[in-house]
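Note sheet for the following structure.
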Amino acid sequence: MRLHAFDIRALRAQMDRRFAVTFMLIVFAALAVIVTSIVLTALDRVASYANHLDEERSRETLVGAIETFKHQLGATLNDYAAWDDAADYIYVRRDADWVVRNFGDMTFESDLFDVAILLDAQGVASMAYSDGAPIEGPLTGYLTPDVTGLLETVQTMPEGEMPQALGFTKTAKGIGAAGVALIRLKSGDVTVDADQRAYLIFMRHLSTDTVNRIGQAYVLPGLALSEVDPAISHRVDILSPTQATLGALGWDLRAPGDVSRAQVRWLVTSAVVLIGFYCVMLFVVGTKEVRRLRGDEAAAIKLSRTDRLSGLANREGLFSALAQSVEDARGSGEDVVLLYLDLDGFKEVNDAYGHGTGDRLIRGVAAGLQMLVGEDALLARVGGDEFAIALSGKDAQARAIALSDAILQFFGEPLTVGERVVVIGCSIGLSASPAGSVDGEEIIRRADMAMYSSKEGGRGRWTVYDPAMDEERESRNQLELDLREAIQHGEITVVYQPVVSSQHFELVSVEALARWHRRGHGPVSPDVFIPIAEASGLIDQLGMSVLRQALEQLRNWPDLRLSVNVSPGQFRDPAFVARVQAVFRETGIEPSRTVLEMTESYFIQSPERARSALERLRQIGLRIALDDFGSGFSSVGYLRQFGFDRMKIDRSMVLALEEGHRAIETLQATVALARSLDIPVTAEGVETEQQAVMLRLAGCDELQGYLFGRPCSAEEIEILRHKSMEPRARAAEQAFYAQAGKRGKA
Ligand code: C2E
Ligand code: CA
Ligand code: CA
């Protein structure tokens, strides 16, 4: 089962290429997407990191600003409270006007504090001013728990520490920093008792103005007071001394990362667009290429399943179609039947008229078969001159047989090829796969086997596969094994058949013939084992063994010549001529005493090689006879073309002499032609005296046949050598003329 290895390799390469292209496309596209997203992610990270950095820095600045705001108030408060004048006016002179002038009035449009309250040791306010005016009504909106807390801190502060406390609080005016300090001398000394002490409270509120100024000073755009919103991170909470959240200062994020990103946005966008375009192009080109490759692949599959010469399916096409049919048949329960056809005599046409004619003949046969087969069966050309037809359906077996008959009838007519008319035949084998029970390869094998059976049965017929054929094949294989063994063990023996002169019937030569007594089976005919030896290549050893044995024997018969048969297959061995020469040298036989007999098939098959082989054999001194003339194609042309040294007329021509004048004339003409070319003629298969005399009269100079002796052992030849056949020759002549006379009278 040869597959079209080349086509399959091409197909596989095709598929590999498609896979590679798809793979590359995917890799390129994936790479582009990955690189793009890496770059975009990196940009994003840079941007958000820059944003984050900026936010943190702003937060730290704002925290510092709030601290500074509080400490500025603390510094101012310290200046006013630790003041010798203040201690004097408050504790000693108790001048309320001075207090208003120096504290209360100062709250008007001040950058330092906007509320000033003076408390005595009992926490009662002696003065309370806000924005340059006295605070009307109760002071509870200002003296918040935070402030009273600060007051307590200052009051309970241990000796030696600065009697001042700061913190944020939420008053009637809003959120602000508040400070409480003991009125004292600049030196820090307090000249009055604890219950006489006074405390100065300053407040500075985070008014919109103030916040704006802080925002400008610290570069915090959009700085503003707000409620605490946990969703917004860009804020700093303002905490009371008890850590309660009073509110928050928030600012507008500058997001420098976003700004930078905005700066490069068009670059990134164009890069993404370009990559997108690249991917689209890749996709477009890729799909196109993949589609093209898929097309190529489909075409390659189709091509790999098509026979180039006939345009029919080839062996591979048959395999795949048959596999499908069997699969379908399993489902439907229908039958699949295969016809395997081998043309008879195609090789001869090809050899005789050339390959051009052979090709045309194949095409003609393909067309003819296609007509007979029709549309609903598959016709395939599966080899040089082999065809197959696959049918399926309920009635497939009946149709197959009808089709086989039609095909044989088709080949019954001569075919016209160009200007030539040729006659070829066809041997058919059939095998069935009922309900798909036999798989495709097995159907082919069986049909092939049945076809061989048709060939062996005489060609031009159809045969249905029978399991017995497998057994036959098996026994043939066994025969081959046994033959191989027999050759190796020297069990092939040689017998000799006498060849006599036609004039006096005296022994002039012997033909060596191979014999095989198969162990456990008995004698096997050369007509059986020689073809097997030829087919299996054993003929080389077998032929050499026969030649050696015969030449060794010939040393004992110096008065005789020898004929040895040579099969065409033996010429396949390039050393054949050299080996033959070596055997002659070793046995010391003069090559001119020997004739090699060959059939014409080799000369038809490869005339050029045959000519050069003959040339070399002749150079050694050997003679060559054309064997079995008249049994096959038999062209006198070959006689002239190759210049044989002898011609042997086949037994069938001798037998035909019985049929009368036409056969006699044919024989006479043939012998006359050979003689005109100076080629002597031997007649084979001479069984009657009648034949012997007729052949002599026709011009044959030597005769061979049962009349003179069957193939026999060397010992028997020894006896014959010393026995004259002359009397027998005379008797034969007399008998012949007596017969002729009788016929003449009648
Ligand atoms: P062949 O070369 O034509 O040999 C002649 C065959 O005709 C022999 O058959 C022989 O026994 C038979 N024969 C001779 N005279 C008569 C006759 O009067 N009547 C009948 N009916 N037959 C006769 P065999 O020995 O069976 O050989 C058959 C063929 O086998 C030979 O045909 C030859 O082609 C082949 N063969 C035999 N030995 C060898 C060999 O050593 N080498 C090769 N290559 N082929 C061989
Ligand atoms: Ca012969
Ligand atoms: Ca012969």
Is at least one residue of the range 476-483 at pLDDT 95 or above, open to solvent by 40 Å² or more (accessible area, probe 1.4 Å) and either under 18 Å from residue 397 (Cα atoms) or of a type in the set (Ser, Thr, Tyr) (or both)? no
Scan the range 627-654 for residues that are within 14 Å of ligand 1 (Cβ to nearest atom), assigned to a helix (DSSP H, G or I) and within 22 Å of residue 344 (Cβ to Cβ) and report the count. 1
Test result for residue 369, free of Cβ contacts under 8 Å to residues at least 60 places away in the same chain, assigned by TED's automatic domain parsing to the domain that holds residue 418 and touching a Leu at 6+ places or on another chain (Cβ under 8 Å): yes
Condition met for residue 208 (open to solvent by 60 Å² or more (accessible area, probe 1.4 Å) and either of a type in the set (Ser, Thr, Tyr) or touching a Pro at 6+ places or on another chain (Cβ under 6 Å) (or both)): yes
Of the residues 619, 641, which is open to solvent by 30 Å² or more (accessible area, probe 1.4 Å), without any contact (Cβ under 8 Å) to a residue 60 or more places away in the chain and touching a Pro at 6+ places or on another chain (Cβ under 8 Å)? 641
When (1) away from ligand 2 (no atom under 15 Å from the Cβ); (2) closer than 30 Å to residue 666 by Cβ; (3) surrounded by fewer than 19 Cβ atoms within 10 Å (Cβ to Cβ) are applied to residue 614, the one that fails is (3)
Subset of the range 540-592 (residues that are part of a helix (DSSP H, G or I) and among the β-branched types (Val, Ile, Thr)): 546, 577, 580, 583, 587
Failed condition for residue 670, given (1) open to solvent by 30 Å² or more (accessible area, probe 1.4 Å); (2) of a type in the set (S, T, N, Q); (3) over 60 Å from the mean Cα position of the chain (by Cα); (4) farther than 20 Å from residue 562 by Cα: (1)
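For every residue, the table says whether it meets (1) within 27 Å of residue 705 (Cβ to Cβ); (2) open to solvent by 70 Å² or more (accessible area, probe 1.4 Å); (3) in contact with a Lys or Arg (Cβ under 9 Å, 6 or more places away or on another chain).
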position: 487; (1), (2), (3): no, no, no
position: 490; (1), (2), (3): no, no, no
position: 505; (1), (2), (3): yes, no, yes
position: 531; (1), (2), (3): yes, no, no
Would you pick out the residues in the range 416-453 that are touching a residue at least 60 places away in the same chain (Cβ under 8 Å) and more than 39 Å from the chain's Cα centre (by Cα)? 417, 418, 420, 422, 423, 424, 425
Exactly one of 220, 267, 253, 249 is assigned to a strand (DSSP E or B) and not β-branched (Val, Ile, Thr), and that one is 249
Residues located in the range 330-350, provided they are open to solvent by less than 10 Å² (accessible area, probe 1.4 Å) and not aliphatic (A, V, I, L, M): 340
Test: residue 590 is away from ligand 1 (no atom under 16 Å from the Cβ) and of a type in the set (D, E, K, R): yes
Of everything in the range 593-613 that's of a type in the set (Asp, Glu) and either assigned to a strand (DSSP E or B) or under 13 Å from residue 643 (Cα atoms) (or both), which residue is nearest to the chain's Cα centre (by Cα)? 600
How do the pairs read when you match residues in the range 289-302 that are under 24 Å from residue 315 (Cβ atoms) with residues anywhere that are charged (D, E, K, R), using Cβ under 8 Å and keeping only pairs 6 or more apart or on different chains? 297/18; 300/7
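Condition check ((1) more than 16 Å from ligand 3 (Cβ to nearest atom); (2) assigned by TED's automatic domain parsing to the domain that holds residue 496; (3) modelled with pLDDT of 95 or more; (4) among the acidic types (Asp, Glu)) across all residues:
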residue	(1), (2), (3), (4)
520	yes, yes, no, no
544	yes, yes, yes, no
554	yes, yes, yes, no
560	yes, yes, yes, no
572	yes, yes, no, no
595	no, yes, yes, no
599	no, yes, no, no
616	yes, yes, no, no
Return yes when residue 299 is outside the structural domain of residue 431 (by TED's automatic domain parsing), open to solvent by 40 Å² or more (accessible area, probe 1.4 Å) and within 27 Å of the chain's Cα centre (by Cα) and no when it is not. yes
Would you point out which residue out of 51, 102 is closer than 24 Å to residue 193 by Cα, modelled with pLDDT of 90 or more and surrounded by 12 or more Cβ atoms within 10 Å (Cβ to Cβ)? 102
Reported set for the range 536-570 where residues are open to solvent by 50 Å² or more (accessible area, probe 1.4 Å) and away from ligand 1 (no atom under 12 Å from the Cβ) is 552, 555, 556, 558, 559, 561
Output yes when any residue across the range 464-471 is among the aromatic types (Phe, Trp, Tyr), more than 17 Å from residue 380 (Cβ to Cβ) and open to solvent by less than 70 Å² (accessible area, probe 1.4 Å), and no when none is. yes
Residue tally, condition touching a strand residue (DSSP E or B) at 6+ places or on another chain (Cβ under 7 Å) and either open to solvent by less than 10 Å² (accessible area, probe 1.4 Å) or free of Cβ contacts under 8 Å to residues at least 24 places away in the same chain (or both), over the range 645-666: 4
Examine the range 628-644 for a residue that is under 27 Å from residue 536 (Cα atoms) and away from ligand 2 (no atom under 16 Å from the Cβ), and state whether such a residue exists. yes
Members of the range 682-702 that are within 14 Å of ligand 3 (Cβ to nearest atom) and open to solvent by less than 10 Å² (accessible area, probe 1.4 Å): 682, 683, 686, 700
Among the residues of the range 622-638, which ones are open to solvent by less than 30 Å² (accessible area, probe 1.4 Å), without any contact (Cβ under 8 Å) to a residue 40 or more places away in the chain and more than 13 Å from ligand 3 (Cβ to nearest atom)? 624
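The values are calculated or read from the model by the stated rules, or taken from the named source; none is laboratory data. Everything numeric in this text was worked out from a predicted model, so none of it was measured. Virtual Cβ from ideal backbone geometry, glycine too; neighbours counted across all protein chains shown. To get the accessible areas, we keep the full protein, side chains included, count just its heavy atoms, and leave off ligands, DNA and RNA. Shrake-Rupley method; radii C 1.70, N 1.55, O 1.52, S 1.80 Å.
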